[in-house]
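Before any comments, here is the structure.
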Amino acid sequence: RRYKVPDIALIEPGTWHYFQPLFSHIGAGAARMREAVRPQADVMPRGVEWIRSAAADIRPEENTVVLADGGTVTYGHLVVCPGLQLDWGAVPGLAGAVNSGHGSSNYDFRLSAKTWDLVRRLRSGTAVFTQPPGPAKCAGAAQKIAYMACDFWRGQGVLEDIRVLLVVPTPTVFGVEGVDAALERKVAEYGI
């Protein structure tokens, strides 16, 4: 719309918009759930047609998107942003872990408040934070909660009583040279 494109449509079946960057902040007690969720209609840009269905197929030879409800949408230009779907069952034991009283994930909006409950109640013991390999909604989010939790625990005076483990899929803490240096300082500071 900013570039004066007159005919834009967004195919989105969800009625709620979830602002993923705040999920870690909810998990660390620095934000509230109500700050991260809004009605989809409230974030739909003016002048953009909202097609309330899911895309089921793309037929590029016909410049057509087939919708889950059987309808079709034709296009001149198509931008595909399918996102990632969470599949807790893809890793043996993961669904049980996030549904237990001891595990959580900030990749799921419904679990972010549970993360905060686990963080604020922990006074001693071991906390394990993991970053998934491969494509992730935001790989850094898996680490951000570890640093934010450590900061909270330090403020509560209990960080020294908590063994904090951060498991990453890369040989270095993040895999990006300048970022690694900054994060290594935090890892050292918190004793991770």
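For the condition open to solvent by 50 Å² or more (accessible area, probe 1.4 Å) and either within 20 Å of residue 21 (Cα to Cα) or touching a Lys or Arg at 6+ places or on another chain (Cβ under 8 Å) (or both), residue 121 does not qualify. If only residues of the stretch 17-29 that are part of a helix (DSSP H, G or I) and either open to solvent by less than 50 Å² (accessible area, probe 1.4 Å) or among the aliphatic types (A, V, I, L, M) (or both) are counted, the one that is nearest to residue 116 (Cα to Cα) is 27. Across the stretch 49-58, the qualifying residues are those that are aliphatic (A, V, I, L, M) and either within 20 Å of residue 4 (Cα to Cα) or assigned to a strand (DSSP E or B) (or both), and the one among them that is least open to solvent (accessible area, probe 1.4 Å) is 51.
Every condition in (1) touching a Lys or Arg at 6+ places or on another chain (Cβ under 9 Å); (2) of a type in the set (A, V, I, L, M, F, W, C); (3) at pLDDT 95 or above is met by residue 84 except one, and the failing one is (3). One residue alone among 32, 38, 46 is touching a residue at least 24 places away in the same chain (Cβ under 8 Å) and either under 27 Å from the mean Cα position of the chain (by Cα) or surrounded by 13 or more Cβ atoms within 10 Å (Cβ to Cβ) (or both), and that residue is 46. From the list 127, 142, 149, the one residue that fits, being closer than 26 Å to residue 36 by Cα, open to solvent by less than 40 Å² (accessible area, probe 1.4 Å) and not in a helix (DSSP H, G or I), is 127.
Restricting 149, 95 to those that are touching a residue at least 60 places away in the same chain (Cβ under 8 Å) and small (Gly, Ala, Ser) reduces the list to 149. Condition check: touching a residue at least 12 places away in the same chain (Cβ under 8 Å), in a helix (DSSP H, G or I) and touching a Ser or Thr at 6+ places or on another chain (Cβ under 9 Å). Does residue 86 satisfy that? Considered against the rule, which asks whether it is touching a residue at least 12 places away in the same chain (Cβ under 8 Å), in a helix (DSSP H, G or I) and touching a Ser or Thr at 6+ places or on another chain (Cβ under 9 Å), residue 86 comes out as no.
Picking from residues in the stretch 59-73 that are assigned to a strand (DSSP E or B) and open to solvent by less than 70 Å² (accessible area, probe 1.4 Å), the one that is nearest to residue 12 (Cα to Cα) is 67. The criterion of being touching a residue at least 60 places away in the same chain (Cβ under 8 Å) and either under 30 Å from residue 7 (Cβ atoms) or touching a Pro at 6+ places or on another chain (Cβ under 8 Å) (or both) holds for residue 73. Residue count for the stretch 74-88, restricted to those that are closer than 30 Å to residue 139 by Cα and surrounded by 10 or more Cβ atoms within 10 Å (Cβ to Cβ): 4. Take the stretch 98-116 and flag every residue that is exposed (fewer than 14 other Cβ atoms within 10 Å of the Cβ) and among the charged types (D, E, K, R). Within the stretch 98-116, 110 is the sole residue that qualifies. Residue count for the stretch 91-143 satisfying the condition of being within 11 Å of the chain's Cα centre (by Cα) and either closer than 20 Å to residue 157 by Cα or polar (S, T, N, Q) (or both): 3. I'd like to know if the stretch 156-170 contains one or more residues that are modelled with pLDDT of 95 or more, part of a helix (DSSP H, G or I) and in contact with a helix residue (DSSP H, G or I) (Cβ under 6 Å, 6 or more places away or on another chain). So far as the stretch 156-170 goes, yes, one or more of its residues are modelled with pLDDT of 95 or more, part of a helix (DSSP H, G or I) and in contact with a helix residue (DSSP H, G or I) (Cβ under 6 Å, 6 or more places away or on another chain).
The values are calculated or read from the model by the stated rules, or taken from the named source; none is laboratory data. Every value quoted in this text rests on a predicted model; they were computed, and no experiment measured them. Positions of Cβ are generated from backbone atoms using ideal geometry, with glycine treated the same way; all protein chains shown enter the neighbour counts. Areas reflect the complete protein model, heavy atoms only, side chains present, ligands, DNA and RNA absent. Shrake-Rupley method; radii C 1.70, N 1.55, O 1.52, S 1.80 Å.
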